[in-house]
Amino acid sequence: SFYTMYNLKPVGKHVLKICTNVACALRGAEGLVEHCEKKFKIKCGETTQDRKFTLMEEECLGACGTAPAMMLGDDYHENLDVKRMDQIIAGLE
């Protein structure tokens, strides 16, 4: 559903939406979520204290052939792993 596009509370400058649907889950999305939770010291649905990052799980980004995928702002990032995720985040800081 498109309802994840509506934020019901303030979000950070950068919103990371990691797809955790079947294809992404089978290709490591849960590990990416856990990595971000540890890195930012927040849980999914939360925002860092400095309001720079919000981490969210997304039901489906329609990138099953290039899973796991993440939406960051209006940009899609696919074929993710922890190393690539860290590179993307480092480019934001």
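Under 5 Å between amide hydrogens, which residues at least 5 positions from His14 or on another chain qualify, with H placed 1.01 Å from N in the peptide plane?
When sequence neighbours closer than 5 places are left aside, the close amide H contacts are Phe53, Thr54.
Starting at the first residue of the stretch 16-22, write each ³J(HN,Hα) from the Karplus equation 6.51 cos²θ - 1.76 cosθ + 1.60 with θ = phi - 60°, in whole Hz, x for Gly and Pro.
9, 10, 9, 6, 10, 6, 3
Near the amide H of Tyr76, under 5 Å away, which other amide H atoms are found, from residues 5 or more places off or on another chain, if H is placed in the peptide plane?
none
So who's got an amide H within less than 5 Å of the one on Glu46, skipping anything under 5 residues away but keeping other chains? H placed 1.01 Å off N, in plane.
Here Leu55 satisfy the definition.
I need the phi-derived Karplus couplings for the stretch 59-69: 6.51 cos²θ - 1.76 cosθ + 1.60, θ = phi - 60°, integer Hz, Gly and Pro marked x.
In residue order, the calculated couplings are 5, 7, 10, x, 10, 4, x, 10, 5, x, 10 Hz.
Divide by every residue of the chain the summed helix terms, -39500 (n - 2.57) for each DSSP H run of at least 4, and state the resulting mean residue ellipticity at 222 nm, rounded to the nearest 500 deg cm²/dmol.
Working: 3 runs with 26 residues, N = 93.
Calculated mean residue ellipticity at 222 nm is -8000 deg cm²/dmol.
If the only charges are +1 at each Lys and Arg Cβ and -1 at each Asp and Glu Cβ, what is the size of the charge dipole of the stretch 1-79 around the Cα centre, to the nearest 20 debye?
Values: 10 positive and 11 negative charges, 71 e Å.
I would put it at about 340 debye.
Could you rank the peptides 8-15, 28-35 by their average count of other C-beta atoms within 10 Å per residue, with the highest value first?
Working: 8-15: 12.8, 28-35: 17.9.
Most protected by this proxy first, the peptides run 28-35, 8-15.
Sort all Cα-Cα distances of the chain into consecutive 5 angstrom bins from zero, then give the percent of pairs in each bin up to the one containing the longest distance.
Histogram of Cα-Cα distances, whole percents per bin: 3, 15, 28, 27, 19, 8, 1.
Please identify the cysteines of the chain that lack any partner cysteine with a Cβ under 4.7 Å from their own Cβ.
Isolated Cys, the chain: Cys36, Cys44, Cys60, Cys64.
Relative to 2.2 N^0.38 Å, what does the C-alpha radius of gyration of the stretch 24-71 come to as a ratio? Two decimals please.
Values: Rg = 11.4 Å, N = 48, 2.2 N^0.38 = 9.6 Å.
That ratio works out to 1.19.
Through the Karplus equation 6.51 cos²θ - 1.76 cosθ + 1.60, θ set to phi - 60°, convert the phi angles of the stretch 40-56 into ³J(HN,Hα) values in whole Hz; use x for Gly and Pro.
Each residue's phi maps through the Karplus curve to give 8, 6, 9, 9, 4, x, 10, 10, 4, 4, 7, 6, 8, 10, 10, 10, 9 Hz.
Quick one: pull the percent of accessible area on the stretch 1-49 belonging to carbon and sulfur, 1.4 Å probe, ligands and nucleic acids left out. Before the final figure, lay out the partial values.
On the way: 1870 of 3320 Å².
Its accessible area is 56 percent carbon and sulfur atoms.
The values are calculated or read from the model by the stated rules, or taken from the named source; none is laboratory data. Computed from a predicted structure; not experimentally measured. Every residue, glycine as well, gets a Cβ built from its backbone with ideal geometry; the counts of neighbours run over all protein chains shown. Heads up: the accessible areas ignore ligands, DNA and RNA and are worked out on the full protein's heavy atoms, side chains in. Shrake-Rupley method; radii C 1.70, N 1.55, O 1.52, S 1.80 Å.
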